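Report on the structure given below.
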Amino acid sequence: MKSAKDVLSRSKDHEDWIPLLELSAKEVFELMLGSKLDTASEIAPNGFDIAAMVGLAGQLCGILTVRASRESAARMAFKMLGAETEKDSQEVADAFGEICNMVAGNFKNKVSGLGDGCMLSVPTVITGSDYSVRSLAGSPPLELRLQFESLPMLISLEIG
Amino acid sequence: MNDIRALIIDDSSVMRKIVERSLRQAGVNLTQVLEAGNGAEALGVLQESKVDLILCDINMPVMDGLEFVKQLSGVENGKGVPVVMITTEGSETHVVQALSAGARGYIRKPFTPDQVKEHVIPVLAGKS
């Protein structure tokens, strides 16, 4: 079995992790929301006003972020809970954070050698769009553009 | 599976609702569902209430699920209650740690109601 060190040193830019990230997200949406995610070639960078972040610490350090609109997040919460929720409710933020948490955990478990060497933080959810995040990551983030029920979402992984 | 009192421990209230729904879909007749947002809160709940089944996340603030399972037998109403972990932590090490600490089952998130059924029903039937 490969160690986390082997896994991390194999590729500098980790582009080969994008398919794993995509599979991780698609599984979460299919199993927990009963929804199919579509890959998007391009998405408009504006319109994302909710973000959920989960930190990774240990042999892999970084932040996994899921961004979408609050309208989209409310729809996700509806699909998870089977009940309508207000788009600014705590329940929507909770559901969106949990989606991010499951994507991060599922991704970590798919990268050989990382399962034991990396811990996840509890999720943080930010609403609003007028903010900036400065990460100490040493390389550009891996980005995955997706569509949930024709609404855009972005998953990024910044590796420190 | 009739008349089951369950304690669901997860820092996400949404996930607690999903776990409850999955238990009902698995055919578990829940007469009472108690909730806690972390292990310490759950130990407090067990000082007051008896339950037949505990479903517990691992990554939680204040007290995580592994520490909760370790402390469970020392608490009023905690002895012998089966615990099934439901968590994003899917490594073999976590599974071994949870089972060594006393958990009787382990479900990885994301999960389907069928997976909940597969892991919980044998535990309730005393087969696991």
Original post:
Rg to Rh ratio, chain A, alpha-carbon atoms and Kirkwood radius?
Top reply: 0.96
Original post:
Residue by residue, what Karplus-based ³J(HN,Hα) values in Hz, rounded to whole numbers, does region A:138-148 have, using 6.51, -1.76 and 1.60 with θ = phi - 60° and x for Gly and Pro?
Top reply: x, 9, x, x, 7, 10, 10, 9, 9, 10, 10
**OP:** Report the one residue of A:ALA77, A:GLY113, A:LEU136 whose Cα lies farthest in the direction of the positive end of the charge dipole of region A:4-159 (charges on C-beta: Lys and Arg +1, Asp and Glu -1; origin at the Cα centre).
**Re:** A:GLY113
**OP:** Note down the nm distance, to one decimal, between modelled labels 7 Å out along Cα→Cβ at B:LYS70 and at A:SER129.
**Re:** 4.7
**OP:** Using +1 at the Cβ of each Lys and Arg and -1 at the Cβ of each Asp and Glu in chain B, identify which of B:PRO122, B:SER22, B:ALA103 lies farthest towards the dipole's positive end.
**Re:** B:PRO122
Original post:
Taking amide hydrogens as modeled 1.01 Å from N in the peptide plane, which residues meet the under 5 Å criterion relative to B:TYR106, leaving out close sequence neighbours?
Top reply: B:MET85
Original post:
Principal axis lengths of the protein assembly as shown from Cα atoms, whole Å, largest first?
Top reply: 53, 44, 30
**OP:** With label points built 7 Å along Cα→Cβ from the Cα atoms of B:ARG21 and A:ASP38, find their separation and express it in nm.
**Re:** 2.4
Original post:
Considering only Cα-Cα distances, which of the following residue pairs are longer than 24 Å: A:LYS26/A:LYS110; A:LYS26/B:LYS109; A:LYS110/B:LYS109; B:LYS70/B:LYS109; A:LYS87/A:LYS108; B:LYS50/B:LYS117?
Top reply: A:LYS87/A:LYS108
Original post:
If you place +1 on the Cβ of every Lys and Arg and -1 on the Cβ of every Asp and Glu, how big does the dipole about the Cα centre of the protein assembly as shown come out, in debye to the nearest 20?
Top reply: 640
Original post:
On full extension of the chain, what length is gained from A:LEU23 through A:GLU86, given 0.36 nm per residue of separation minus the C-alpha to C-alpha distance?
Top reply: 19.8 nm
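Given an 8 Å cut-off on Cα distances and at least 6 residues of separation, report the relative contact order of region A:4-159 as a percent.
Values: 280 pairs, mean separation 52.9, N = 156.
Computed value for region A:4-159: 34 percent relative contact order.
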Subject >> DSSP beta bridges in the protein assembly as shown [antiparallel fraction, %, rounded to 5] >> reply: 65
Original post:
Once Rh for region A:36-114 is found with the Kirkwood sum over Cα pairs, what is the Stokes-Einstein diffusion coefficient at 25 °C and 0.890 mPa s, in µm²/s?
Top reply: 178
Subject >> Backbone HN-Hα couplings from phi across region A:99-108 [Karplus 6.51/-1.76/1.60, Hz, Gly and Pro as x] >> reply: 4, 4, 4, 5, 5, 4, x, 5, 4, 4
Original post:
Can you list residues whose amide H is under 5 Å from A:GLU149's amide H, if they're 5+ apart or on another chain and H is modeled 1.01 Å from N?
Top reply: A:ASP38
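Find out how many positive minus negative residues lie around B:GLU48, taking Lys and Arg as positive, Asp and Glu as negative, among other residues whose Cβ is under 15 Å from that of B:GLU48. Don't skip to the end; give the middle numbers.
Details: positive: B:ARG5, B:LYS50; negative: B:GLU35, B:GLU41, B:GLU76.
After counting each charged neighbour, the total is -1.
Is the shape of region B:1-125 rounded, prolate or oblate, going by the alpha carbon gyration tensor and its root eigenvalues a ≥ b ≥ c, with a/c under 1.5 for rounded and a/b larger than b/c for prolate?
On the way: a/c = 1.34, a/b = 1.06, b/c = 1.26.
Rounded is the answer for region B:1-125, as its axis ratio a/c remains below 1.5.
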Original post:
Taking the Cα-to-Cβ direction at B:ASN29 and at B:LYS50 and moving 7 Å from each Cα, how far apart do the two end points lie in nm?
Top reply: 1.8
Original post:
How large is ³J(HN,Hα) for each residue in region A:155-160, as worked out from phi by the Karplus curve 6.51 cos²θ - 1.76 cosθ + 1.60 (θ = phi - 60°), to whole Hz, x for Gly and Pro?
Top reply: 10, 10, 10, 9, 10, x
Original post:
Can you list residues whose amide H is under 5 Å from B:MET63's amide H, if they're 5+ apart or on another chain and H is modeled 1.01 Å from N?
Top reply: B:GLY39, B:ALA40
Original post:
With r defined as the distance between the Cβ atoms of A:SER112 and A:LEU151 and R0 fixed at 22 Å, what FRET efficiency is calculated, to the nearest 0.05?
Top reply: 0.10
Original post:
Helix A:18-28 versus the longest principal axis of chain A: what angle, 0 to 90°, nearest 10, using Cα atoms?
Top reply: 40
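Values in this text are rule-based calculations from the coordinates and carry no lab data. Computed from a predicted structure; not experimentally measured. Ideal geometry is used to build each Cβ from the backbone, glycine not excepted, and the neighbour counts take in all protein chains shown.
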